[in-house]
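Asks: Okay, handing you the structure first.
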Amino acid sequence: MTTAQTAAKKPECAEYVGIFDARSRTYNDELYALNVPEAWKDYTGATLLLWGEADYIAAKHDHELLRDMLETRRPGSVTMRVVPNADHGMHEADDFQAAVAGSGPYQTAVGEAIADWLPRAR
């Protein structure tokens with residue numbers, strides 16, 4: 001079903017399903033076919049996972065699943081931070097609607113989170 005068909009069938013979802021039109025169907029199919037846990041299976045280093053609070057592209061739950069998987073393999077190796085007022089690109093965005101509307105300036109809390117984490121990464 002195309003996004004236009006989905007929007008026609010469920011008008012209340014039109015605002016949300018349109019985000020998938022930013023990339024081609026082929027791109028989205030390839031993305032959804034990725035086995036993310038498999039890609040991380042041999043990694044044993046320290047990990048910082050950042051998720052922007054206004055991110056409408058990547059789900060917080062996906063980050064939590066990855067964190068939990070990595071922690072199982074190497075306890076204490078993962079730090080996850082939720083960055084307030086940040087979108088997927090780590091630009092300033094107060095909420096989902098602001099993130100969809102366009103890129104704000106860089107959210108400085110991202111750099112602060114990285115700078116805070118680096119000295120403790122092991």
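Asks: What number goes with the only condition from (1) closer than 30 Å to T2 by Cα; (2) touching a residue at least 24 places away in the same chain (Cβ under 8 Å) that L70 does not pass?
Replies: Here L70 clears every test but (1).
Asks: Name every residue in segment 15-30 that is modelled with pLDDT of 80 or more and either among the aliphatic types (A, V, I, L, M) or surrounded by 12 or more Cβ atoms within 10 Å (Cβ to Cβ) (or both), in order of residue number.
Replies: Of everything in segment 15-30, just one residue is modelled with pLDDT of 80 or more and either among the aliphatic types (A, V, I, L, M) or surrounded by 12 or more Cβ atoms within 10 Å (Cβ to Cβ) (or both), namely N28.
Listed here are the residues, each with its yes/no results for (1) in the same structural domain as H91 (by TED's automatic domain parsing); (2) within 24 Å of D87 (Cα to Cα).
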site: K9; (1), (2): no, no
site: V17; (1), (2): no, yes
site: N28; (1), (2): no, yes
site: Y43; (1), (2): yes, no
site: L49; (1), (2): yes, yes
site: G52; (1), (2): yes, yes
site: A59; (1), (2): yes, yes
site: R67; (1), (2): yes, yes
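Asks: Any residue in segment 72-79 that is touching a Ser or Thr at 6+ places or on another chain (Cβ under 9 Å), modelled with pLDDT under 95, charged (D, E, K, R) and surrounded by fewer than 18 Cβ atoms within 10 Å (Cβ to Cβ)?
Replies: yes
Asks: Then there's this: Within the bounds of segment 26-47, is there any residue that is hydrophobic (A, V, I, L, M, F, W, C) and in contact with an Asp or Glu (Cβ under 9 Å, 6 or more places away or on another chain)?
Replies: Checked segment 26-47: at least one residue is hydrophobic (A, V, I, L, M, F, W, C) and in contact with an Asp or Glu (Cβ under 9 Å, 6 or more places away or on another chain).
Asks: Here is a list of conditions, (1) modelled with pLDDT under 95; (2) surrounded by 11 or more Cβ atoms within 10 Å (Cβ to Cβ); (3) basic (K, R), and R120 meets all of them except one; can you say which number that is?
Replies: Failing condition for R120: (2).
Asks: Give the residue that is surrounded by the fewest Cβ atoms within 10 Å (Cβ to Cβ), with candidates limited to residues of segment 80-98 that are closer than 30 Å to E38 by Cα and aliphatic (A, V, I, L, M).
Replies: Per the criteria, the residue is V82.
The values are calculated or read from the model by the stated rules, or taken from the named source; none is laboratory data. All values reported here derive from a predicted model rather than from experimental measurement. Virtual Cβ from ideal backbone geometry, glycine too; neighbours counted across all protein chains shown.
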